[in-house]
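**Student:** Supplied in structure tokens, the structure appears directly below.
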Amino acid sequence: METKVLPATQENIELAAGILREGGLVAMPTETVYGLAANALDEWAVQAIFAAKGRPQDNPLIVHIATTEEALPLCAQFPFAARILADAFWPGPLTMVLPKSELVPGAVSAGLGTVGLRLPAHPVARELISRAGVPLAAPSANLSGRPSPTTAAHVLADLNGRIPLILDGGPAGVGVESTVLSLAGPPLLLRPGGVTLEELEGLLGEVTVHGAVLAPFAGQEAASPGMKYRHYAPDARVLLAGGPDMVAKITAAYDSAKQKGLRPCILCAAHNAPAYAGRDFRILYRDGPEEAARRLFLFLRELDGPYNLLLAEELPKEGMGLSVMNRLLRSAGFSWL
Ligand code: TXA
Ligand code: MG
């Protein structure tokens with residue numbers, strides 16, 4: 001199959017909507033990362049997503065809608081807390097996990113009794129959902145296990161020959177995926193993302209953070225099956241460093257890796273960069289963790305190959321820093337210097 005990459009013009013969005021209505025797959029831009037979309041109400045179309053990504057069948061998909069009202073037929077309950085969060089954060093990078101209705105096929109929810117719902121802020125995604133006339137199931141448009149794609153080129157690198165069309169809407173603005181919050185019981189943060197824990201707590205009071213957000217998944221049954229898989233992993237080895245002697249640990253590891261003939265590169269905050277002079281480094285952020293979020297997946301892809309060891313500085317786990325650390329920890333397989 002030939003994979004076309006087309007700019008997200010009105011004409012091409014209509015073409016994409018036609019493919020979706022016929023049960024096909026389209027990669028679409030969203031404000032977080034690119035998504036691989038199919039008609040969420042069509043079991044076969046949804047199966048094709050799993051096949052194209054090589055995604056484990058027990059990992060459920062997020063259903064994307066174009067208006068808050070479209071959430072109602074897809075869930076068995078839309079609690080008051082969901083209404084408050086929808087008013088505050090939709091359209092935007094928040095996925096709410098709610099008890100599902102019978103409309104949602106088992107393949108979407110991977111057999112769970114819940115469905116993840118999200119109203120994306122990207123105008124192309126919303127236009128595409130509206131024109132397709134159906135809710136769209138869409139995981140990140142990467143091969144399973146790889147860093148999520150923040151550009152159309154990243155999608156092509158992973159899915160060339162596997163899907164007919166990629167709509168190019170430019171680079172994603174947020175850079176990490178949506179926040180996944182379960183409201184099937186007391187509010188439970190399953191994945192930190194574009195909406196911060198602090199923002200959620202500002203409206204809901206205390207939100208429990210699932211243990212798997214910052215630690216390897218240990219339990220028998222994952223509240224969010226995505227937590228148990230290897231994630232965001234380039235082929236290069238990733239190692240994290242933190243603490244008061246972080247810079248010293250990184251320079252020592254870099255120098256010894258070089259001596260062993262490895263190709264190391266450092267991912268750092270701008271204010272630490274002078275300490276790494278003479279070594280290969282990339283500045284992950286200057287001002288704040290939002291910039292780190294925007295650039296992380298890009299660096300994980302671009303540095304993979306030219307380098308085979310990435311030494312990454314820990315970020316403070318506040319605001320978007322928590323979302324970035326969640327991804328960095330998984331790409332490092334939780335290994336520290
Ligand atoms: O920003 C995003 O969320 C992007 C864009 C394309 O919208 N999508 C995305 O999808 O990141 P995906 O499939 O790569 O990640 C969805 C995560 C997985 O960890 C999955 O296990 C979890 O959300 N999830 C989906 N439905 C769920 C449910 N019913 N219960 C618990 N977790 C769920
Ligand atoms: Mg994903």
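**Student:** Output yes when any residue across region 302-313 is in a helix (DSSP H, G or I) and either within 14 Å of THR150 (Cα to Cα) or open to solvent by 50 Å² or more (accessible area, probe 1.4 Å) (or both), and no when none is.
**Tutor:** yes
**Student:** Specify which of the listed residues (GLY161, GLY194) is open to solvent by 10 Å² or more (accessible area, probe 1.4 Å), at pLDDT 95 or above and within 28 Å of ARG83 (Cβ to Cβ).
**Tutor:** The conditions single out GLY194.
**Student:** Right, another one. Taking GLY35, is it open to solvent by less than 50 Å² (accessible area, probe 1.4 Å), at pLDDT 95 or above and within 16 Å of ligand 1 (Cβ to nearest atom)?
**Tutor:** Here the answer is yes, as GLY35 does meet what is asked.
**Student:** Next question, about the same structure. Could you give every pair whose Cβ atoms fall below 9 Å, whose first residue belongs to region 7-21 and is over 20 Å from LEU156 (Cβ atoms), and whose second residue is assigned to a helix (DSSP H, G or I) and open to solvent by 40 Å² or more (accessible area, probe 1.4 Å), counting only separations of at least 6 or pairs across chains?
**Tutor:** GLN10/GLU127; GLU14/ARG131; ALA17/GLU127; ALA17/SER130; ALA17/ARG131; GLY18/ARG131; ARG21/ARG131
**Student:** In addition: Return the pairs, sorted by first residue and then second, in which the second residue is at pLDDT below 95 and open to solvent by 10 Å² or more (accessible area, probe 1.4 Å), the first residue lies in region 172-194 and is more than 9 Å from THR95 (Cβ to Cβ) and away from ligand 2 (no atom under 13 Å from the Cβ), the beta carbons are less than 7 Å apart, and the residues are 6+ apart or on different chains.
**Tutor:** Every condition considered, the pairs that remain are SER182/ALA223; LEU188/ALA223.
**Student:** Same structure, new question: State yes or no: is ALA212 modelled with pLDDT under 95 and not polar (S, T, N, Q)?
**Tutor:** yes
**Student:** Looking only at region 146-156, count every residue that is open to solvent by 20 Å² or more (accessible area, probe 1.4 Å) and assigned to a loop (DSSP other than H, G, I, E, B) and tell me the total.
**Tutor:** The number of residues fulfilling the criteria is 2.
**Student:** May I pose another question? Taking the options SER144, SER140, name whichever one is hydroxyl-bearing (Ser, Thr, Tyr), out of contact with any strand residue (DSSP E or B) (no Cβ under 9 Å at 6 or more places or on another chain) and in contact (Cβ under 8 Å) with a residue 40 or more places away in the chain.
**Tutor:** So the residue among SER144, SER140 that is hydroxyl-bearing (Ser, Thr, Tyr), out of contact with any strand residue (DSSP E or B) (no Cβ under 9 Å at 6 or more places or on another chain) and in contact (Cβ under 8 Å) with a residue 40 or more places away in the chain is SER144.
**Student:** What's the number of the only condition in (1) touching a residue at least 24 places away in the same chain (Cβ under 8 Å); (2) touching a Leu at 6+ places or on another chain (Cβ under 9 Å); (3) among the acidic types (Asp, Glu) that GLU291 fails to meet?
**Tutor:** Failed condition: (1).
**Student:** Within region 68-85, identify whether any single residue is within 14 Å of ligand 2 (Cβ to nearest atom) and either at pLDDT below 95 or of a type outside the set (Lys, Arg) (or both), and answer yes or no.
**Tutor:** No, region 68-85 contains no residue that is within 14 Å of ligand 2 (Cβ to nearest atom) and either at pLDDT below 95 or of a type outside the set (Lys, Arg) (or both).
**Student:** Further question on the same structure: Out of (1) under 19 Å from SER323 (Cβ atoms); (2) surrounded by fewer than 17 Cβ atoms within 10 Å (Cβ to Cβ), what's the single condition that is false for PRO186?
**Tutor:** Among (1) under 19 Å from SER323 (Cβ atoms); (2) surrounded by fewer than 17 Cβ atoms within 10 Å (Cβ to Cβ), PRO186 violates only (1).
**Student:** So, ARG327, is that one charged (D, E, K, R), touching a residue at least 60 places away in the same chain (Cβ under 8 Å) and open to solvent by 30 Å² or more (accessible area, probe 1.4 Å) or not?
**Tutor:** Considered against the rule, which asks whether it is charged (D, E, K, R), touching a residue at least 60 places away in the same chain (Cβ under 8 Å) and open to solvent by 30 Å² or more (accessible area, probe 1.4 Å), ARG327 comes out as no.
**Student:** Looking at region 39-64, which of the residues that are closer than 18 Å to ALA184 by Cβ and in contact with a helix residue (DSSP H, G or I) (Cβ under 7 Å, 6 or more places away or on another chain) is most open to solvent (accessible area, probe 1.4 Å)?
**Tutor:** Checking each candidate, the answer is ASP58.
**Student:** Given the options ALA141, ALA132, name the one that is within 14 Å of the chain's Cα centre (by Cα) and closer than 16 Å to LEU25 by Cβ.
**Tutor:** ALA141
**Student:** When region 120-145 is examined, which residues are found to be assigned to a helix (DSSP H, G or I) and of a type in the set (A, V, I, L, M, F, W, C)?
**Tutor:** Of everything in region 120-145, those that are assigned to a helix (DSSP H, G or I) and of a type in the set (A, V, I, L, M, F, W, C) turn out to be VAL124, ALA125, LEU128, ILE129, ALA132.
**Student:** Follow-up. If only one of VAL238, VAL207 is open to solvent by less than 20 Å² (accessible area, probe 1.4 Å), at pLDDT 95 or above, of a type in the set (Val, Ile, Thr) and within 16 Å of ligand 1 (Cβ to nearest atom), which one is it?
**Tutor:** That would be VAL207, the only listed residue that is open to solvent by less than 20 Å² (accessible area, probe 1.4 Å), at pLDDT 95 or above, of a type in the set (Val, Ile, Thr) and within 16 Å of ligand 1 (Cβ to nearest atom).
**Student:** So, one more: From TYR232, TYR285, TYR254, TYR276, grab the single residue that is surrounded by 15 or more Cβ atoms within 10 Å (Cβ to Cβ) and modelled with pLDDT under 95.
**Tutor:** Just one listed residue meets the conditions, TYR232.
**Student:** Still on this structure: Quick check on my filter: what residues within region 288-298 are under 14 Å from SER331 (Cβ atoms) and open to solvent by 20 Å² or more (accessible area, probe 1.4 Å)?
**Tutor:** ARG295, LEU298
The values are calculated or read from the model by the stated rules, or taken from the named source; none is laboratory data. Keep in mind it's a predicted model, so treat the numbers as computed, not measured. Virtual Cβ from ideal backbone geometry, glycine too; neighbours counted across all protein chains shown. Quick note on the areas: whole protein, heavy atoms, side chains included, nothing else; ligands and nucleic acids left out. Shrake-Rupley method; radii C 1.70, N 1.55, O 1.52, S 1.80 Å.
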